[in-house]
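Below is one structure, written out as structure tokens, with a few remarks after it.
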Amino acid sequence: LQFEVTILGSNGAIPAFNRHPTSQVVSYNGSNYLIDCGEGTQLQMSKYSVKRGKLDHIFISHLHGDHYFGLIGLLTSFNLNYRTTDLHLYGPHGLDEIMNVHFKYAETKLKYAIVYHELKADEPRIIYENRYFSVETIILKHRLPTTGFLFKEKQPLRRIITEKIAEYKIPQTRIFEIKHGEDFVTEQGITIANTELTREPNLPRSYAYCSDTIYLEEIVPQLKGVDLLYHESTFIDEHADRAAETFHSTARQAATIAKKADVQKLLLGHFSARYEDLSIILDESRRVFANSHLAIEGETFPVDIKKI
Ligand SMILES: [Zn+2]
């Protein structure tokens with residue numbers, strides 16, 4: 001199943017050098033899940049062909065404007081496009097009030113319902129779940145209550161060996177049970193063991209999004225073994241004082257979290273407008289954690305399948 005992350009915005013605070021404020025989209029099996037919605041997100045969605053219609057869940061990490069100033073535009077476009085399906089909006093206390101004030105003075109009557117899910121930044125909670133994966137909050141430490149989001153796949157089913165379907169004339173109606181581990185009895189009454197029909201399932205995959213936060217070792221246990229970790233790296237170590245002052249992280253600190261949590265791959269983002277050339281951020285991170293990458297806008301990062 002498709003499980004990937006497309007970067008729409010990767011800059012912190014101020015748009016600069018053609019980089020937009022934070023936003024990214026997680027695509028899973030044809031559906032999109034938006035994380036943060038900085039200014040310009042809609043245009044970035046158009047530019048990178050992210051379909052608005054396939055979006056029913058939006059997660060906002062905190063109420064600094066560079067993480068949600070694009071939201072009013074996006075919600076209004078849904079309305080102009082005659083959206084009728086519910087939209088689920090996950091975010092801190094106050095987000096509903098901010099949106100409602102706008103709609104009130106714009107005299108907008110929405111044709112669809114917004115279902116608000118207020119997030120508390122006190123302890124990790126599962127905030128969304130479907131048959132394939134769950135989303136839980138990661139409690140971060142920033143100047144405002146802030147949560148990250150952990151997309152965690154459920155245990156996938158066993159993988160059926162396609163040639164066996166024809167070989168034993170397995171009807172479509174039995175495939176689901178076989179994927180769950182059941183044996184199959186042929187028309188002649190012969191039992192075929194499940195192990196002959198299927199392979200071991202893939203390991204569940206996971207994606208963690210951490211922005212914005214000061215260096216925070218407390219999150220390491222929750223991030224253990226994550227396949228793809230996005231961690232903010234607003235500054236380089238030379239500006240560690242500024243990072244501490246503004247409750248942000250340096251590239252070295254992001255890499256240290258990735259290393260301690262033993263993740264597979266690290267994505268760096270939320271870059272300060274003071275750096276035009278981002279190679280200093282990447283180099284600093286790679287010195288601690290080799291598999292580090294910059295969250296470049298328009299790039300899609302698959303959450304890779306771990307094979308047993
Ligand atoms: Zn912030």
How would the stretch 104-232 be classified by its alpha-carbon gyration tensor: rounded, prolate or oblate, with rounded meaning a/c under 1.5 and the a/b versus b/c comparison settling the rest?
oblate
Could you calculate the contour length gain from Ala113 to Asn79, that is, 0.36 nm times the residue separation minus the distance between their Cα atoms, to one decimal place in nm?
11.2 nm
The chain - share of DSSP beta bridges that are antiparallel (%, nearest 5):
55 percent
In the chain the accessible area split gives carbon plus sulfur, as whole percent at 1.4 Å, a share of 51 percent
Rounded to the nearest 0.05, what FRET efficiency do Phe176 and Asn29 give with R0 = 25 Å and r taken as the Cβ-Cβ distance? Could you check?
0.95
Quick one: accessible area per residue over the stretch 1-100, 1.4 Å probe, rounded to a whole number of Å²?
39 Å²
What is the local net charge at Pro145, summed over the other residues whose Cβ is closer than 13 Å to its Cβ (Lys, Arg +1; Asp, Glu -1)?
-1
Packing-based order for 94-100, 15-21, 249-255, using average beta carbon neighbours within 10 Å, highest first:
249-255, 15-21, 94-100
Radius 13 Å from Cβ of Asn130, net charge of other residues (Lys, Arg +1; Asp, Glu -1)
0
Computed over the stretch 116-208, protein heavy atoms only, probe 1.4 angstrom, the accessible area per residue in square angstrom equals 57 Å²
For the chain, take N as its residue count and report Rg(C-alpha) divided by 2.2 N^0.38 Å.
1.12
Connecting C-alpha atoms closer than 10 Å in a GNM of the chain, tell me which of Val263, Val50, Val115 has the biggest fluctuation.
Val115
The pairs in Lys54/Lys259; Lys54/Lys120; Lys47/Lys179 lying past 32 Å Cα-Cα in this model are Lys54/Lys259; Lys47/Lys179
Cα centroid distance between the stretch 16-69 and the stretch 146-198, in Å?
36 Å
Eligible lysines near Lys265 by straight Cα distance, threshold 23 Å, same-chain separation 8 or greater:
Lys141, Lys152, Lys154, Lys224, Lys306, Lys307
Which of Gln24, Gln222, Gln188 moves the most in a Gaussian network model of the chain with Cα springs under 10 Å?
Gln188
Summing Lys, Arg as +1 and Asp, Glu as -1, what charge do residues with Cβ under 12 Å from the Cβ of His239 carry, His239 excluded?
-2
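The values are calculated or read from the model by the stated rules, or taken from the named source; none is laboratory data. From a predicted model like this one, the values you see are computed outputs, not experimental measurements. When we count neighbours, we look across all protein chains shown, and the Cβ atoms used for this are built from the backbone with ideal geometry, even at glycine. Note: areas computed on protein heavy atoms with side chains; ligands, DNA, RNA excluded. Shrake-Rupley method; radii C 1.70, N 1.55, O 1.52, S 1.80 Å.
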